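The values are calculated or read from the model by the stated rules, or taken from the named source; none is laboratory data. Just so it is clear, the structure is predicted and the values come from calculations on it, not from any experiment. No Cβ is skipped: glycine too gets one built from the backbone with ideal geometry, and neighbour counts run over all protein chains shown. Protein only, heavy atoms only, side chains kept; ligands, DNA and RNA dropped before computing areas. Shrake-Rupley method; radii C 1.70, N 1.55, O 1.52, S 1.80 Å.
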Amino acid sequence: MILLISDLHLEERRPDISRAFLRFLETRARHAEALYILGDFFEVWVGDDGMTHFQREIARALKAVSVAGTRIYLMHGNRDFMIGKAFCREAGCTLLADPHVAPLNGERVLLMHGDSLCTRDEGYMRLKRWLRNPVSLFILHNLSLTKRQQLAQKLRSSSKEETRMKASDIVDVTPDEVVKVMQRHNVHTLIHGHTHRPATHVLEVDGQVARRIVLGDWDRQGWALQVDESGFHQTPFELT
């Protein structure tokens with residue numbers, strides 16, 4: 001059994017989500033071969049040198065599950081793209097590039113956070129190109145921790161406000177981009193998060209039936225996609 005989750009947006013202000021995640025680790029994740037976390041694991045991440053006590057507790061919980069035998073893979077999201085090697089060492093997880101092709105149930109499956117598929121959101125795409133530029137990343141990493149925290153708070157506030165003002169189709173994936181990416185990687189199953197719209201979409205890629213599985217976010221409830229011999233099954237569960 002393999003588990004995939006995304007968009008937990010862990011933060012101290014939502015202890016219900018962190019408690020649910022820790023319970024998830026101690027139960028379902030301990031029985032899994034692997035756990036994939038496809039981005040926006042934390043609500044904000046200003047750098048490994050700024051890890052809080054709360055974030056270190058999460059890292060220790062992940063490490064315990066990793067030591068027990070579950071392989072843990074982590075992918076950057078748009079909220080936590082500055083997670084680095086120090087956190088991954090503490091958490092016992094492997095950092096994946098976005099996109100990443102993984103063998104699941106004998107099939108090549110493309111894993112992504114999903115934000116790069118939202119090409120109609122031109123303002124966000126410009127910001128992402130700037131933030132992920134190696135020069136920008138170098139500058140960000142060399143700012144003081146206080147400056148990074150202030151910048152993260154500013155970006156977080158403006159992002160929420162802008163998202164509320166944008167049409168729903170603008171902040172969703174671009175269908176043509178989905179097909180192009182799947183063709184590029186020669187896959188017929190894509191799994192991603194980011195949009196907070198859990199569903200399985202059937203489409204056509206190179207004349208064959210394909211599917212796009214969108215992982216749910218953890219807010220009013222949690223979501224996990226389970227991959228086993230019976231297929232791909234995503235189910236919600238209560239956070240309490």
Give me a count of the residues in segment 53-74 that are closer than 28 Å to ASN142 by Cα and over 20 Å from the mean Cα position of the chain (by Cα). 1
Residues of segment 99-113 that turn out to be in contact (Cβ under 8 Å) with a residue 60 or more places away in the chain and open to solvent by 10 Å² or more (accessible area, probe 1.4 Å), as a count: 5
For segment 6-16, which positions are in contact with a strand residue (DSSP E or B) (Cβ under 6 Å, 6 or more places away or on another chain) and either farther than 20 Å from PHE81 by Cα or in a loop (DSSP other than H, G, I, E, B) (or both)? SER6
So for segment 13-25 (the condition being charged (D, E, K, R), closer than 25 Å to SER144 by Cβ and under 19 Å from the mean Cα position of the chain (by Cα)), does at least one residue qualify? no
When only residues in segment 57-82 that are hydrophobic (A, V, I, L, M, F, W, C) and touching a strand residue (DSSP E or B) at 6+ places or on another chain (Cβ under 9 Å) count, which is farthest from MET1 (Cα to Cα)? ILE58
Residue count, segment 97-110, condition touching a Leu at 6+ places or on another chain (Cβ under 6 Å) and either assigned to a strand (DSSP E or B) or over 21 Å from SER6 (Cβ atoms) (or both), comes to 4
Which condition does LEU3 not pass, out of (1) in a loop (DSSP other than H, G, I, E, B); (2) within 15 Å of the chain's Cα centre (by Cα); (3) surrounded by fewer than 22 Cβ atoms within 10 Å (Cβ to Cβ), if it passes all the others? (1)
Number of the condition not met by HIS9 [criteria: (1) touching a Lys or Arg at 6+ places or on another chain (Cβ under 8 Å); (2) open to solvent by less than 20 Å² (accessible area, probe 1.4 Å); (3) at pLDDT 95 or above]: (2)
Across segment 20-59, what is the total count of residues that are of a type in the set (D, E, K, R), out of contact with any His (no Cβ under 9 Å at 6 or more places or on another chain) and either in a loop (DSSP other than H, G, I, E, B) or buried (at least 20 other Cβ atoms within 10 Å of the Cβ) (or both)? 2
Has segment 73-85 got any residue that is open to solvent by 60 Å² or more (accessible area, probe 1.4 Å) and either assigned to a helix (DSSP H, G or I) or of a type outside the set (Phe, Trp, Tyr) (or both)? yes
Would you please name the residue that is surrounded by the most Cβ atoms within 10 Å (Cβ to Cβ), looking only at residues in segment 193-236 that are over 20 Å from MET1 (Cβ atoms) and of a type in the set (Val, Ile, Thr)? VAL214
Selection from segment 1-53 of residues that are out of contact with any helix residue (DSSP H, G or I) (no Cβ under 8 Å at 6 or more places or on another chain), small (Gly, Ala, Ser) and within 15 Å of ASP219 (Cβ to Cβ): SER6, ALA20
Hey, among the residues in segment 86-96 that are small (Gly, Ala, Ser) and surrounded by fewer than 21 Cβ atoms within 10 Å (Cβ to Cβ), which one's nearest to ILE5 (Cα to Cα)? GLY92
